[in-house]
Ligand code: GUN
């Protein structure tokens with residue numbers, strides 16, 4: 001291996017620590033404690049783990065949090081009622097409905113029901129639109145976390161060619177819009193390559209920074225990269241591994257061994273981008289609590 005590891009642990013810890021200090025300042029100066037509400041519908045084990053972990057982080061850094069858990073057969077109207085309750089609750093500054101939701105619930109309807117000023121996921125169409133036109137807004141946590149990882153690891157995207165592989169609304173499109181902004185820590189020349197491309201490697205080989213968010217284990221290999229590039233692996237794929245007690249392990253969208261021979265810097269999976277999402281959620285919550293974004 002020749003690439004330097006971009007470790008998500010110290011970066012995410014530093015961001016959580018900043019959020020904690022900002023919350024202390026908000027309490028001291030204005031008597032506000034950031035409050036985050038979680039809504040979990042159904043019994044998806046991964047979602048339960050995520051929500052528990054987010055609630056634990058809130059407690060660690062002095063935020064108030066509440067979790068409303070509902071069974072899988074909960075109606076869409078009941079979820080919308082819960083959201084309306086939290087929209088009206090002044091002690092709650094952020095609302096996070098954990099996805100995926102059961103099939104009978106329309107996720108877009110749920111997102112649109114959240115007050116955009118409390119939309120700490122940055123998924124509401126008002127926040128999406130404001131991000132595209134460069135107005136202040138709550139930004140999606142994983143894409144914003146990717147930008148922070150690049151900046152804080154000395155890989156400022158300014159003036160560099162970033163190729164994002166994957167065009168999802170969760171990662172690909174928002175990360176493109178964040179890195180395109182004419183701002184410090186952004187200002188990249190950004191391209192999205194996706195499944196419609198005849199030859200994805202043609203684009204990735206041109207990239208100074210590759211962001212892999214395709215959802216296919218080990219899709220990006222060393223031969224698809226330009227020597228000396230930076231690789232950000234957003235993938236979280238569970239694959240069979242009989243050598244593990246659980247019978248599975250988590251790998252990214254990048255084939256780590258071959259990629260790390262070619263790249264100059266690379267994020268690990270696990271321990272990379274995945275750690276940034278919760279840290280940025282805490283940042284968004286304290287920002288929402290400050291009430292300064294949309295004033
Ligand atoms: N499920 C997986 N990732 C996310 C996320 O970032 N936000 C929400 N609300 N649900 C998720």
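The values are calculated or read from the model by the stated rules, or taken from the named source; none is laboratory data. Predicted model only: the values in this text are computed from it and were never measured. Note: ideal-geometry Cβ built from the backbone for every residue, glycine included; neighbour counts use all protein chains shown.
Observations
- Residue list for the stretch 124-167, filter: out of contact with any strand residue (DSSP E or B) (no Cβ under 9 Å at 6 or more places or on another chain) and outside any helix (DSSP H, G or I): 124, 133, 134, 135, 136, 137, 139, 140, 156, 158
- The one condition in (1) within 15 Å of the ligand (Cβ to nearest atom); (2) farther than 25 Å from residue 289 by Cβ; (3) at pLDDT 95 or above; (4) surrounded by fewer than 14 Cβ atoms within 10 Å (Cβ to Cβ) that residue 73 fails to fulfil: (1)
- Any chance residue 97 is under 20 Å from the mean Cα position of the chain (by Cα), at pLDDT 95 or above, surrounded by 20 or more Cβ atoms within 10 Å (Cβ to Cβ) and farther than 24 Å from residue 26 by Cβ: yes
- Of the residues making up the stretch 26-51, those that are out of contact with any strand residue (DSSP E or B) (no Cβ under 8 Å at 6 or more places or on another chain) and more than 14 Å from residue 97 (Cβ to Cβ) are 26, 27, 28, 29, 30, 31, 32, 43, 45, 46, 49.
- Applying the criterion of being more than 13 Å from residue 294 (Cα to Cα) and without any contact (Cβ under 8 Å) to a residue 24 or more places away in the chain to the residues of the stretch 121-142, the residue that is farthest from the ligand (Cβ to nearest atom) is 133.
- Qualifying residue in the stretch 238-247 (condition: in a strand (DSSP E or B) and crowded, with 16+ Cβ neighbours inside 10 Å): no
- Annotation note: Cβ proximity below 6 Å between a residue of the stretch 34-55 that is within 22 Å of residue 24 (Cα to Cα) and a residue that is in a helix (DSSP H, G or I) and more than 12 Å from the ligand (Cβ to nearest atom) (sequence gap 6+ or interchain) occurs for 34/23; 34/285; 34/286; 34/289; 36/58; 36/285; 37/86.
- Count of residues meeting criterion [surrounded by fewer than 16 Cβ atoms within 10 Å (Cβ to Cβ), farther than 26 Å from residue 133 by Cβ and in contact (Cβ under 8 Å) with a residue 24 or more places away in the chain] in the stretch 187-210: 1
- Positions within the stretch 17-52 being away from the ligand (no atom under 13 Å from the Cβ), surrounded by 18 or more Cβ atoms within 10 Å (Cβ to Cβ) and not in a helix (DSSP H, G or I), in sequence order: 32, 34, 35
- Any hit, the stretch 160-171, residues being more than 15 Å from the chain's Cα centre (by Cα), surrounded by fewer than 23 Cβ atoms within 10 Å (Cβ to Cβ) and within 22 Å of residue 278 (Cα to Cα): no
- Scan of the stretch 58-85 for residues that are assigned to a helix (DSSP H, G or I) and touching a residue at least 24 places away in the same chain (Cβ under 8 Å), ordered by number: 58, 60, 76, 79, 80, 82, 83, 84
- When residue 149 is tested against (1) on the phi < 0 side of the Ramachandran plot; (2) within 14 Å of the ligand (Cβ to nearest atom); (3) surrounded by 19 or more Cβ atoms within 10 Å (Cβ to Cβ), just one condition goes unmet, and that condition is (2).
- Boolean, residue 166 is touching a helix residue (DSSP H, G or I) at 6+ places or on another chain (Cβ under 8 Å) and in contact (Cβ under 8 Å) with a residue 60 or more places away in the chain: yes
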